[in-house]
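Visitor: First the structure, which I've put down as structure tokens, then a few questions once you've had a look.
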């Protein structure tokens, strides 16, 4: 059953897409990423970036960490770039698309908050979210599965992990920034 929070300062989590359909939608990660596309390996709050596929694979084998494919809106072509452009045009704000790929047990950022409103689409597998709706409150926990969408307000503390069942996750973040888009 989807969870939907109605207050504007709360996250909104709902089932939006058919899981079988969305799992077939291409995402430029791992071997299908564009030439020169960097991958960052998250190690706590540190990001170790490389555009060398062999170095990324070795770095992951040495220490399993979440893989981050940044700025897909400008570093690759495809539907995610179009979604970013259309959102930016509608909202008159810059929109940045990033993919997060992980396995159960991978290191991640820990509890943190972001400087943007996040529109998160779970593309494959599952992701466990702990979200603190207000400072000092108890966290709300839920699991997103393929096809789920989460709207996470700017500055809301959250922590993620990849549950053992099914043991993998791929989600896209469309970060809606405060930066206005430039006009000619």
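Visitor: Considering every residue within segment 122-139, establish whether at least one is touching a strand residue (DSSP E or B) at 6+ places or on another chain (Cβ under 6 Å), modelled with pLDDT of 90 or more and under 23 Å from residue 182 (Cβ atoms). Spell out the reasoning first.
Guide: Applying the first criterion (touching a strand residue (DSSP E or B) at 6+ places or on another chain (Cβ under 6 Å)) to segment 122-139 yields 122-132, 139.
Within this subset, residues satisfying the condition of being modelled with pLDDT of 90 or more are 122-132, 139.
Now drop any that are not under 23 Å from residue 182 (Cβ atoms), which leaves none.
Scanning segment 122-139 turns up no residue that is touching a strand residue (DSSP E or B) at 6+ places or on another chain (Cβ under 6 Å), modelled with pLDDT of 90 or more and under 23 Å from residue 182 (Cβ atoms).
Visitor: Turning to a different aspect of this structure: Taking the condition of being within 21 Å of residue 167 (Cα to Cα) and surrounded by fewer than 20 Cβ atoms within 10 Å (Cβ to Cβ), how many residues in segment 88-105 meet it?
Guide: Here the count works out to 4.
Visitor: Which is in a loop (DSSP other than H, G, I, E, B) and either within 22 Å of residue 71 (Cα to Cα) or modelled with pLDDT of 95 or more (or both), of 109, 150? Please lay out each step first, then the result.
Guide: Details: 150 fails: in a loop (DSSP other than H, G, I, E, B).
One residue alone meets the criteria, 109.
Visitor: Failed condition for residue 62, given (1) exposed (fewer than 12 other Cβ atoms within 10 Å of the Cβ); (2) modelled with pLDDT of 75 or more; (3) over 22 Å from residue 118 (Cα atoms), with all others met?
Guide: (2)
Visitor: Taking segment 162-172, which residues are surrounded by fewer than 21 Cβ atoms within 10 Å (Cβ to Cβ) and part of a strand (DSSP E or B)? Working first, answer last.
Guide: Applying the first criterion (surrounded by fewer than 21 Cβ atoms within 10 Å (Cβ to Cβ)) to segment 162-172 yields 163-168.
168 - this is the single residue of segment 162-172 that is surrounded by fewer than 21 Cβ atoms within 10 Å (Cβ to Cβ) and part of a strand (DSSP E or B).
Visitor: Residues of segment 129-141 being crowded, with 16+ Cβ neighbours inside 10 Å and outside any loop (DSSP other than H, G, I, E, B), which ones? Give the derivation first.
Guide: Here is the first cut: in segment 129-141, the residues crowded, with 16+ Cβ neighbours inside 10 Å are 129, 131-133, 140.
Result: 129, 131, 132, 140.
Visitor: Mind counting the residues in segment 153-184 that are touching a strand residue (DSSP E or B) at 6+ places or on another chain (Cβ under 8 Å) and more than 13 Å from residue 111 (Cβ to Cβ)? Before the answer, list the steps.
Guide: Going residue by residue through segment 153-184, those that are touching a strand residue (DSSP E or B) at 6+ places or on another chain (Cβ under 8 Å) are 153-154, 156-163, 165-181.
Narrowing further to those that are more than 13 Å from residue 111 (Cβ to Cβ): 153-154, 162-163, 165-181.
Count: 21.
Visitor: Quickly run through segment 106-128 and pick out the residues that are at positive phi and either crowded, with 20+ Cβ neighbours inside 10 Å or without any contact (Cβ under 8 Å) to a residue 40 or more places away in the chain (or both).
Guide: So the first thing to find is which residues in segment 106-128 are at positive phi, and the list is 110, 125.
Listed by number, the list holds a single entry, 125.
Visitor: Something else now. Of the residues 31, 54, only one is modelled with pLDDT of 70 or more, over 22 Å from residue 126 (Cα atoms) and exposed (fewer than 15 other Cβ atoms within 10 Å of the Cβ); which? Walk me through how you get there before you give the answer.
Guide: Values: 31 fails: over 22 Å from residue 126 (Cα atoms).
Unique residue meeting the criteria: 54.
The values are calculated or read from the model by the stated rules, or taken from the named source; none is laboratory data. What you see is a predicted model, and the numbers here were worked out from it, not measured in a lab. As a convention, Cβ positions derive from the backbone with ideal geometry for all residues, glycine included, and neighbour counts pool all protein chains shown.
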